[in-house]
Every structure is written in C-alpha cells, then in structure tokens.
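*Asks:* Would you mind keeping the following structure in view while I ask a few things?
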There are 2 protein chains.
Amino acid sequence: MRPEPGSVAEADYADRRQTAERVRRSAETLDSRVTPMVEVTGWLAAYRRAHHFHARPIPFGALRRWAFDPGTGDLRHETGRFFAIEGLRTSSDLDPVDRVQPIIAQPEVGLLGILAREFDGVLHFLMQAKPEPGNVNGLQLSPTVQATRSNFDEVHHGRSTPFLDRFIQRPGRRVLVDAIQSEQADWFLHKRNRNMVVEIDSDLAAHDSFRWLTLGQIRRLLRRDDLVNMDTRSVLACLPTAHDAPDGDGAGGDFAAALRHSFYGDAEPLHDLHAVTGCLTDVQALRVLRQQSVPLRQAYEDGWQRTEDTIRHRDGGRFEIMAVEVTAEQREVASWTQPLLRPCSQGLMALAVRRIKGVLHALVAARSDVGALNVAEFGPTVQSRSAPSRDGGGPPPYLEYVLGAAPDRVRYDAVLSEEGGRFYHARNRYLVVEAGQELPVDCPPGFRWATLGQLTELLAHGNYLNVELRTLIACAHACY
Amino acid sequence: MRPEPGSVAEADYADRRQTAERVRRSAETLDSRVTPMVEVTGWLAAYRRAHHFHARPIPFGALRRWAFDPGTGDLRHETGRFFAIEGLRTSSDLDPVDRVQPIIAQPEVGLLGILAREFDGVLHFLMQAKPEPGNVNGLQLSPTVQATRSNFDEVHHGRSTPFLDRFIQRPGRRVLVDAIQSEQADWFLHKRNRNMVVEIDSDLAAHDSFRWLTLGQIRRLLRRDDLVNMDTRSVLACLPTAHDAPDGDGAGGDFAAALRHSFYGDAEPLHDLHAVTGCLTDVQALRVLRQQSVPLRQAYEDGWQRTEDTIRHRDGGRFEIMAVEVTAEQREVASWTQPLLRPCSQGLMALAVRRIKGVLHALVAARSDVGALNVAEFGPTVQSRSAPSRDGGGPPPYLEYVLGAAPDRVRYDAVLSEEGGRFYHARNRYLVVEAGQELPVDCPPGFRWATLGQLTELLAHGNYLNVELRTLIACAHACY
C-alpha cells in the first residue's frame, strides 16, 4: 500500500478526443518560430560535431564491469543492472525441435517519455539529440526521456535523469499517451517500455541538446534516413487520432487524402475492431510457443559459438553478440564498455495499403516471435530480417509483391535505425506501398485488413502492434 | 502459412452493438419454454443421482501415469499433457527475498466455449451439467465446451470433444465473444483460456447433460451457491452490454436500476477509460515482478514439504498439492487419478460499488500475483484467500469495511466454486456491497473507480480483469 514511485494521479489523464484534435493541429503545423526547420539541421550538425562519441568494437575480454558468469555463461553487468545476454530455449507446434539462442533479457519496464507544451496554441514536443553507441551516425532525435526502472528510484533519492520527474505525478501535468508497448521480440525476451506523452503548462530550462518541435516538423524529419529514433517513432505512433473527419475531408481524393481519412475513427472499416483482434486471438490461442530461460552456455550446444569478439551461429544466423568501448563527452561516465546485438543484414519492413470500398486499409500480419510476451502481436505486411533464402521455406508472403511495386506506388521509403543502446548498426528499410486491385482483399490466415484508425485505437492498449508496425504507423503519418 | 486448426474466418464476427441488444433481450427473458426453470432443478438433481462421480484423496504413490520427475521433482503426466506441478521462484521490489513455491503450469491456451442459438427470437445458451473431480457437489453448470489445445488437433483427426467443431470456422457460425482471459495467477503460471460465445443457426442433437437456457435463467441460477461454474461465469462476463440506455432507464432510481444503468456504455464515468487503464499501467510499469520457472524440488529448500499425500508449506500456507482417484461413469475413461491444488481456506472476493455523481461505480484494485503474465491485472475491491491475520502486514484495505456492511447493503452474497478440474473444494464467498458516502471517492494508489460498462469494455481485451473480478461482473448482472 505504500505509494508507488512515479505513481500517476487520478485526475490528470487528458480527454482523448480533445487530445486528438490538438494533435491534429500540431501535425498541420509544419514549421514553428520556436524551432524553425531551417535551424534544425544546423543544430543537429553542430551538436554532432561538438560531441565526439565513438563506439569501437572490442573483444569480450576488454569489457569492464561486464563478465560471463562462470556457471551459466550469461553475460551480465557486475551490478546486475541494465540488461543481460542469456539463453532462450523455444519450440512451437510449427517447429517442435527445441532451439536455444542468445537473447537480451531486461525484465523491468522502462520509460520512453516525451514532454509536450503549447506554444502559440499549438502542441510542441521536446525532442532530444541523443547519441547512442549503436547508431550509425552518432545521435538521433530521441524522446525527452529514456529511463530505466532504477532511474525512477533515483528521482526519489535526489539524483535524476533530466525531466524524469515531470512524468511523475505533479500539479499541472496532463497525460496524453500512456501505454506499455513491446520491443523486438526476436532479440528481446518479453521486453516492454512504457510509452508516455505528458503535457506541462510551464516552460523549462533545457540543455542545448533539447528542442521543442511540432508534430508536423517531426513528421517531416521522419522522411529522412536514420534521424528519428525508434523510441520516438514508437511513442508518436501512440498519439490518438480524431474520430470524426472534418467536413470535406472524406474518403476518395488523392493518396494523401485517403491516408489521412483512414486515420479517422469513423472511416468505414472492412471488419469490426473485434474481428480484427480476433485474427490475433486466433494465433495467440492456437500457436503453441514454448519459452524457457536457460543458461547462455546451452546455446553453445545448439550451434552458437563464442569467439574472442562475437557470439554467432556457426551457420551465420541473423544476428551476433559483440562488445564495444564507448567514448563520450556528454555522459556522466566519460567512457564505458557494453555488449550490443548486431543484426547480420538490413531488414525490410513493408506495409501494404489499398482502398477497400473507398477506404484505405493496411494489411497487418499476426507474428509469433520467440521472445513474445503473449505468443503473437500484429506486425507489418512484410517483416523480413534477412535475405529471403535464409528465411526457411521460401520468401515470406507479399515480399515479392512489395519489392516489385512500381516506384510511384511506394509512398514511403526510408532506412531507419533501431535502438542504438542495445543494437549495433541495426537498420531496416521501411516501405509504405499503395496497392491496387491486383492485391486481393482475400488474404491468408493470420493476415487482416484494418484501417489506420483501427490500428491507432489498438495502440491505446499494449501488445497489439509490434515495434516495426508502430514505426510504419508513424511513417504513414509522414505521408500526408 | 498452413491454415490454423480452429482458425476463425474473416467475416463471421457479429456486430458488437447488435449483439449487446440481443444479449439484453435474453437477459430480460427470465424463463423459457425451451427449458422451463421449474425443470432445471429436477434435471440437475436427477442427472447428479444418475452419475456417480467420486473423487477420493489418495497418496501420491497411488497416482497412475503421473509421477515426480527424478531430476526436477516436477509432478507430470507420462504423456507430458494436461498440466504439471512445477516450481516458481519470484521476487518483487516490495518483497525482494526470493521465494519458491509450487505452481500449476499449463502453458497452452484452452477453449471455454458457449454455443448460442435463437429460440422464439431470444438467444439461448447451451449449458452442460458437468462433473469435475474437485467440485464439492459433483456437477455444476459449465460451458458447452471446455477443451485443451490438443482437443483441437483431435477434431482434425476424427476424434472429437462434443461441439468443439462448432467453434471452428464453418458456415452459419457467428462469433459473439472472443477474448483470451487469465485464471488464478497465484495458483497458475501465465494460465490463459480463450473465452468464446459462438452463435449457430440450426438445432443440434444434444446429450441429456446439455440444456438451452436464456441469460435471464442463467443469471437467476447464479444466485445459488456452487451451481454456475467458474468457466461459465468467466465467459458470460465477457458478453457486451449496450451503449445507449433505453428511454427511461436512466441513473437514479433503486439499486437495481442504478446497477443496470452502470452497465451502459453511456453512463457518465468518473474517469476516462484510459485514466482507468492508466492505474493498471502504473502498477505494470513500476512493480518489478521477477518470475523464474524452477524445478519443484527447489521449493523444498524454501519451507515446502512433501509427505505421502500432500505438498504443503511447513508454516501452513495458503494451499497444498494433493492427489485424487476419480471414478466416473460418463467419461471416456471410467477411472483415473490426478493431482489437484487444495486451498487451505475459503476466500473472500468483494466488490464495493457506490454512486458517484449519480452513477454507480465499482472500486477495482490492480493486483500483482506471482503467476501473472503481465505483472498485474484488475481484481475486486477485496481479494483475500485466507484469514486476515495470515496476509502479512494486517488485513487488506476495505476488508473490514465489506465485512462490516449492513445486511441490506449486501446486494449479492453466494459461495461459488473455482475450477473443479484443477482445484479441490476451492470455494470463495463473493459479495457485491453497496457503499454510500462513508466510502470516500478518494482511494489509495492502485485502486480505481470505474463504471461496470467500462469494465465490460475492457473485457473485449485480455488480461485487464482477473477471473475473480470477472465472476463479480457476472454476479452483478444477477442483481438487477
């Protein structure tokens, strides 16, 4: 019964419909006097130059404060904090052979928090230019706060992650978004972060690494490669969209208009929302996914090999574990070492959309990945982490279709980075592809057409849409 | 990409609003020519007499086909099917000491399915008089189907649980309810069942153990002790309620009217739905619950003791593991043995409700139990499995209040059984208590007031309301 650290008050959740209207206004504001777009690139470039941030691959033997446990072989920090590389044994009804693989274990729920504030009557969001060791380009646009559970305890002991206290119950705070969402379930075991947007009503002094941007500005920046980081995309995808289309903003019209319309709650869907979730329920109930945490050393009996500087599968595989030494000037500790997961190839994440009875729908797929908390979540139409030939049993459905789409049908195409605090140079190509009649409305089991408004409604709850699909929802917002 | 066994078709989910209206009509139909109420008691009594079903406690050594694994000490069936008694090691931020306890592991998602059909324009539900070894009184009113994942595979191989095939995609089927819900998280690890109501449009020949009843009839029967089983209560609680109150059915009026009104979607709530879920999100994000499956023998190092016929904690504890021999005439196998979990005392589950701004609200509590899939779910105002003095740290909040309520404020009071296939004589007293101004609207962290319509809306999703709260939702429906 003791009060929770970071506990949320009863009355400070904002009305969701009002929030949706204010979000729309911010999205329509493509530039702002607070941080003019012409200054953003210069600010990022100058900040990047000023902050030398090097991540250098090192052998495991050069790790400091991290070590392989003599008993289990797990790779852990000496404090037990941050995360660990452990083993995960899985099997399923489709693949009954037990397989053991390394997996990132980080059982506590972290916080991805963005502060919002009105300037000139328009919501702005406080973004941070934040370097991460695994980023290909040093820093990217990150949420105001990325905090672990232990950072919350520190707030109560006087030390503090900047602005974290603003996400804790206090006068003048309004919660606009609050949902616990998953992260890459083929790399993480049961990983979740709390995604929050909290509005404040007073200005605050921010370090030069922070800037207030409108949603319209952030969405424009999302069209660039490797700039808006994964956590920002995840949080922004959860912002509510309006239920009622404004007058004149109906279906029909060009692609941008159709896309904008699909995000409204009143866009006529092919299926009721519970018929959409029914598709996922089917997979969650009928796919049998057995998961067991095991010592990492058991992976070495299943084809994984540890060398001086990597843990990788003898047949190549999709990722490897490595270590880096990081030298930074702007962190509390000037230099540290840590393990990272390095994917062996660039992935492809594609969302096919088409008009069905005049309303744009997206084709989503129920995916069961090894580390899923609840068997399965919806992912994009195509989620492919490696060359088709390695996926076993031929290329995934619709891969050929999206790769063969005419250039004018590819409505979004950018290479974006995944979380640079855990992954080394992990980049995926994200595509939104507009399909026509040639893509049948009938689809295989496990696939479902849904409006973007329906998918946004599901984002009010956790564990419906995986992080790749959340990114594509954010990308779709950048297309109109 | 192969089709799922039991896969649900695209188009056969019924419109939720229409369903709600039809559910209301069935609830208002308190008797039916199909199965007149006067015949129900006689049918149950005759059926109970005709079917001798004995469950006799036996020593573990007399178990057939079940054995303790020599390595882990886990208690398993020789086929690996059904369920197992394993060990679970847990700790949390509130109780950082590692504790190991026995837990029931049954990782696959089962099906609790009720068939519905219209007679005379009114939905009837096909209930089964089903004996279970742990029931205090032999048989209880059960769903049409209680099936495991392996039963689904059997449908495809010609053998079959009666009516299970009706839950699989076929012409004329309409899905009214479909959600995966949890079960007792202090006794089960991550246990979930798919709760379904499926409507069919043709009559079917049913064994004498089945009867079609209206929802009004079932709710009347729910006022009796130990009659409507846990699975039925869970499924029926998930039925949608109407959004709009019919004319004249507003707030105010007597308790029954206020209760009925609270179930409508348009009853004015104290908090937005996302402020309600925010309370749970808070606990899910901030409570750290560490869970690790371990060999059952590790429980013996933590105070648990195995005798010839029980596994129990040396200090008494809340439950023990035992074994029974079951003799039945109506099962495929005439006699079998199995382990069961026996709670050491009757529990108390109470839901406090009161009018806030004229609308009846229920007080729910975010609970984190050791076997929870996602840290916490909402439970009743009071969920107490043992005498207050054993709960550690004094009685739970509101226990004294509900036990001290004046008799005319206790709107529902019955002793109901928990699942007799896993638990031996597990009974809880369920109370719905109407509170007045003396129960403050302000409540401690982790507690939240919600309308019954909001709680019903959450039941369209899994893992929001635990099984005890779902039972109380069903009980509340029986109070108006």
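The values are calculated or read from the model by the stated rules, or taken from the named source; none is laboratory data. Fair warning: this is a prediction, and the values are worked out from it, not measured in the lab. Every residue, glycine among them, receives a Cβ derived from its backbone with ideal geometry; neighbour counts consider all protein chains shown. For the accessible areas, the whole protein counts, side chains as well, though only heavy atoms, and no ligand, DNA or RNA atoms are used. Shrake-Rupley method; radii C 1.70, N 1.55, O 1.52, S 1.80 Å.
*Asks:* For region B:415-432, give me each residue that is in contact with a Lys or Arg (Cβ under 6 Å, 6 or more places away or on another chain) and either among the hydrophobic types (A, V, I, L, M, F, W, C) or farther than 25 Å from B:LEU222 by Cβ (or both).
*Replies:* Answer for region B:415-432, where residues must be in contact with a Lys or Arg (Cβ under 6 Å, 6 or more places away or on another chain) and either among the hydrophobic types (A, V, I, L, M, F, W, C) or farther than 25 Å from B:LEU222 by Cβ (or both): B:VAL415, B:VAL432.
*Asks:* Additional query: Quick test of your reading of the structure: B:LEU44 fulfils all but one of (1) within 12 Å of chain A (Cβ to nearest Cβ); (2) under 30 Å from B:THR337 (Cβ atoms); (3) buried (at least 16 other Cβ atoms within 10 Å of the Cβ). Name the failing condition by number.
*Replies:* Of everything listed in (1) within 12 Å of chain A (Cβ to nearest Cβ); (2) under 30 Å from B:THR337 (Cβ atoms); (3) buried (at least 16 other Cβ atoms within 10 Å of the Cβ), B:LEU44 misses just condition (1).
*Asks:* Now for a separate question. So in region A:71-112, with the set limited to residues that are β-branched (Val, Ile, Thr) and surrounded by fewer than 16 Cβ atoms within 10 Å (Cβ to Cβ), which one is farthest from A:ALA323 (Cα to Cα)?
*Replies:* Across region A:71-112, the extreme among qualifying residues is A:VAL97.
*Asks:* Out of B:VAL136, B:VAL109, B:VAL97, report the one residue that is under 30 Å from B:PRO70 (Cα atoms) and in contact with a Ser or Thr (Cβ under 7 Å, 6 or more places away or on another chain).
*Replies:* Exactly one of B:VAL136, B:VAL109, B:VAL97 is under 30 Å from B:PRO70 (Cα atoms) and in contact with a Ser or Thr (Cβ under 7 Å, 6 or more places away or on another chain), namely B:VAL97.
*Asks:* Give the number of residues within region B:270-304 that are open to solvent by 30 Å² or more (accessible area, probe 1.4 Å) and either among the basic types (Lys, Arg) or within 14 Å of B:VAL364 (Cα to Cα) (or both).
*Replies:* Final tally of qualifying residues: 5.
*Asks:* A follow-up question, please. Would you mind finding the one in B:ILE104, B:ILE114 that is within 25 Å of B:VAL375 (Cβ to Cβ) and at pLDDT 95 or above?
*Replies:* Every option except B:ILE104 fails the conditions.
*Asks:* Taking region A:18-29 on its own, how many of its residues are among the basic types (Lys, Arg) and open to solvent by 70 Å² or more (accessible area, probe 1.4 Å)?
*Replies:* Matching residues across region A:18-29 total 1.
*Asks:* Same structure again: Failed condition for B:ASP272, given (1) over 23 Å from the mean Cα position of the chain (by Cα); (2) charged (D, E, K, R); (3) modelled with pLDDT of 95 or more, with all others met?
*Replies:* Going through (1) over 23 Å from the mean Cα position of the chain (by Cα); (2) charged (D, E, K, R); (3) modelled with pLDDT of 95 or more one by one, B:ASP272 breaks only (3).
*Asks:* What is the one condition in (1) within 30 Å of A:GLN291 (Cα to Cα); (2) free of Cβ contacts under 8 Å to residues at least 12 places away in the same chain that B:VAL38 does not satisfy?
*Replies:* (1)
*Asks:* Among A:LEU112, A:LEU126, which is the only one that is outside any helix (DSSP H, G or I), in contact (Cβ under 8 Å) with a residue 12 or more places away in the chain and either over 28 Å from A:ARG220 (Cβ atoms) or in contact with a helix residue (DSSP H, G or I) (Cβ under 6 Å, 6 or more places away or on another chain) (or both)?
*Replies:* A:LEU112
*Asks:* B:HIS261 is checked against (1) crowded, with 20+ Cβ neighbours inside 10 Å; (2) within 14 Å of chain A (Cβ to nearest Cβ); (3) not aromatic (Phe, Trp, Tyr) and fails just one. What number does that condition carry?
*Replies:* Status for B:HIS261: all satisfied but (2).
*Asks:* Right, next: Hey, among the residues in region A:422-480 that are small (Gly, Ala, Ser) and within 11 Å of another protein chain (Cβ to nearest Cβ), which one's nearest to A:GLY278 (Cα to Cα)?
*Replies:* A:GLY446
*Asks:* Touching a Phe, Trp or Tyr at 6+ places or on another chain (Cβ under 8 Å) and at pLDDT below 95: does that describe B:CYS443?
*Replies:* yes
*Asks:* Name the strands (runs of 3 or more DSSP E) wholly inside region A:160-261 in which the number of residues that are of a type in the set (S, T, N, Q) is 2 or more.
*Replies:* A:174-182, A:192-199
*Asks:* Still on this structure: Would you check if B:THR90 is within 14 Å of chain A (Cβ to nearest Cβ) and either assigned to a strand (DSSP E or B) or within 26 Å of B:MET196 (Cβ to Cβ) (or both)?
*Replies:* Here the answer is yes, as B:THR90 does meet what is asked.
*Asks:* Going by what's in this entry, would B:GLY358 be described as touching an Asp or Glu at 6+ places or on another chain (Cβ under 7 Å) and at positive phi?
*Replies:* Considered against the rule, which asks whether it is touching an Asp or Glu at 6+ places or on another chain (Cβ under 7 Å) and at positive phi, B:GLY358 comes out as no.
*Asks:* Could you say whether any residue in region A:94-109 is farther than 30 Å from A:HIS477 by Cβ, within 14 Å of chain B (Cβ to nearest Cβ) and assigned to a strand (DSSP E or B)?
*Replies:* yes
*Asks:* Of the residues A:ALA67, A:ALA147, A:ALA129, which is within 14 Å of chain B (Cβ to nearest Cβ) and touching a Leu at 6+ places or on another chain (Cβ under 8 Å)?
*Replies:* The match here is A:ALA147.
*Asks:* Going through region A:466-480 one residue at a time, which ones are under 23 Å from B:GLN284 (Cα atoms) and surrounded by fewer than 23 Cβ atoms within 10 Å (Cβ to Cβ)?
*Replies:* Result: no residue meets the conditions.
*Asks:* Is it true that some residue in region A:157-167 is within 12 Å of another protein chain (Cβ to nearest Cβ) and open to solvent by 10 Å² or more (accessible area, probe 1.4 Å)?
*Replies:* No; the residues of region A:157-167 include none that is within 12 Å of another protein chain (Cβ to nearest Cβ) and open to solvent by 10 Å² or more (accessible area, probe 1.4 Å).
*Asks:* Tell me the strands (runs of 3 or more DSSP E) entirely within region A:360-465 that contain at least 1 residues that are surrounded by fewer than 21 Cβ atoms within 10 Å (Cβ to Cβ) and not polar (S, T, N, Q).
*Replies:* Because the criterion is at least 1 residues that are surrounded by fewer than 21 Cβ atoms within 10 Å (Cβ to Cβ) and not polar (S, T, N, Q), the strands (runs of 3 or more DSSP E) in region A:360-465 that meet it are A:410-417, A:427-434, A:447-450.
*Asks:* Might you let me know whether region A:10-17 holds any residue that is touching a residue at least 24 places away in the same chain (Cβ under 8 Å), among the acidic types (Asp, Glu) and buried (at least 19 other Cβ atoms within 10 Å of the Cβ)?
*Replies:* No, every residue in region A:10-17 fails to be touching a residue at least 24 places away in the same chain (Cβ under 8 Å), among the acidic types (Asp, Glu) and buried (at least 19 other Cβ atoms within 10 Å of the Cβ).
*Asks:* May I pose another question? Taking B:GLN184, is it away from chain A (no Cβ under 13 Å), touching a residue at least 24 places away in the same chain (Cβ under 8 Å) and more than 23 Å from B:GLY421 (Cα to Cα)?
*Replies:* Taking the combined requirement at face value, the residue does not satisfy it.
*Asks:* Residues of region A:190-248 being among the small types (Gly, Ala, Ser) and within 30 Å of B:LEU373 (Cβ to Cβ), which ones?
*Replies:* Answer for region A:190-248, where residues must be among the small types (Gly, Ala, Ser) and within 30 Å of B:LEU373 (Cβ to Cβ): A:SER234, A:ALA237.
*Asks:* Pick out the one residue from B:ARG297, B:ARG342, B:ARG287 that is basic (Lys, Arg), closer than 20 Å to B:VAL97 by Cα and at pLDDT 95 or above.
*Replies:* Criteria check complete, one pass: B:ARG297.
*Asks:* Could you grab me the full set of residues in region A:433-480 that are of a type outside the set (Val, Ile, Thr) and under 19 Å from A:LEU221 (Cα atoms)?
*Replies:* Within region A:433-480, A:GLU468, A:LEU469, A:ARG470, A:LEU472, A:ALA474, A:CYS475, A:ALA476, A:HIS477, A:ALA478, A:CYS479, A:TYR480 meet the criteria.
*Asks:* Is there any pair linking a residue in region B:284-309 that is away from chain A (no Cβ under 14 Å) and within 15 Å of B:THR72 (Cβ to Cβ) to one that is open to solvent by less than 70 Å² (accessible area, probe 1.4 Å) and in a loop (DSSP other than H, G, I, E, B), with Cβ under 6 Å and at least six apart or on different chains, and which?
*Replies:* These pairs meet every condition: B:LEU296/B:GLY73; B:LEU296/B:ASP74; B:ARG297/B:GLY73.
*Asks:* Filter region A:86-130 down to the residues that are under 14 Å from A:THR232 (Cβ atoms) and touching a Pro at 6+ places or on another chain (Cβ under 8 Å) and list them by number.
*Replies:* Listed by number, the residues that qualify are A:LEU112, A:GLY113, A:ILE114, A:MET127, A:GLN128.
*Asks:* When you check B:PHE119 against the structure, is it crowded, with 18+ Cβ neighbours inside 10 Å and not β-branched (Val, Ile, Thr), yes or no?
*Replies:* No; evaluated as a whole, the condition is false for this residue.
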